[in-house]
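Presented below is the structure to which this report refers.
The values are calculated or read from the model by the stated rules, or taken from the named source; none is laboratory data. None of these values were measured; they are calculated from a predicted model. Cβ atoms come from the backbone with ideal geometry, glycine included; neighbour counts cover every protein chain shown. Only protein heavy atoms, including side chains, enter the accessible area calculation; ligands, DNA and RNA are left aside. Shrake-Rupley method; radii C 1.70, N 1.55, O 1.52, S 1.80 Å.
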Amino acid sequence: FCKWRDDGTLLRIFQELNADADYENLCIDSTSIKAHPKSAGAKKGLKFGKQQFIGVSHGGKTTKIHAVVDALGNPVHFLLTGGNIFDASAAIDLLSEVKISGSNILGDKAYGTKSIRAYIAEQGASYTIPPKSNVIKPWFCDFHTYKERHLIECFFNKLKVFRRVATRYDKLAVSFLAFVHLASIWILLK
């Protein structure tokens, strides 16, 4: 596992399996993963990475998996942050790694910030994100298309079947992300 993690084999297999992803609708969301007490305290340095993406909040130590899935509910890309990081602050970084031109981005109200909507429009994509109730100038949201966002929630349910993902036991973020890729490979092959 560590050899394939370090040389990028797991990532390459994952990328090869989703090479023909359906980019018509892309769903974006995140899920919080409770970090096991043994996962804290990893060494810091160039070999291990400077940040292990474990945030501390009221719920304890958590990691967030930010994901993009295609129109079929298959995973396209992942990003890790600490559990205390707001969804919108990682959205542009996550979307910048995916070719979104010509796609429709589906997200919940957390992704309705002006900067995210502007970024999506600049990339030549459209968005289906409902406005919050306190927005002064609400935009149109096609709620019929928005119903397709359940695909990312279903993907997270499939991903959390894996005990090693449902509770983060790994000290290193690269090991945790590599296992997320391995679990996604299994989901794609199933």
Kirkwood-based Rg to Rh ratio, the chain, C-alpha trace
0.97
When DSSP assigns beta bridges and you keep just the ones with both residues in segment 57-190, what percent turn out antiparallel, to the nearest 5?
75 percent
His150 versus Arg163, label points 7 Å from Cα toward the beta carbon: distance in nm?
3.1 nm
In nm, give the distance between the simple-model label positions of Lys34 and Ala121, each being 7 Å from the Cα along the Cα-to-Cβ direction.
4.2 nm
Given the candidates Ile85, Ser39, Leu95, the one whose Cα lies deepest towards the positive end of the charge dipole of the chain, counting +1 at each Lys or Arg C-beta and -1 at each Asp or Glu C-beta, is Ser39
Place a +1 charge on the Cβ of each Lys and Arg in segment 85-179 and a -1 charge on the Cβ of each Asp and Glu, then give the dipole magnitude about the Cα centre in debye, rounded to the nearest 20.
300 debye
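Which value, in debye to the nearest 20, describes the size of the charge dipole of the chain about its Cα centre when Lys and Arg Cβ atoms bear +1, Asp and Glu Cβ atoms bear -1, and nothing else is charged?
Magnitude of the dipole: close to 1120 debye.
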What FRET efficiency would be calculated for the residue pair Ile92, Phe140, taking the C-beta separation as r and a Förster radius of 25 Å, to the nearest 0.05?
0.70
Arg117: accessible area at probe 1.4 Å, nearest 10 Å²?
50 Å²
Full-stretch length increase - Asn84, Ile13 - with 0.36 nm per residue and alpha-carbon distance subtracted:
22.5 nm
If the reach is capped at under 12 angstrom between alpha carbons, list the aspartates and glutamates near Lys132, excluding any in the same chain fewer than eight residues apart.
Asp108
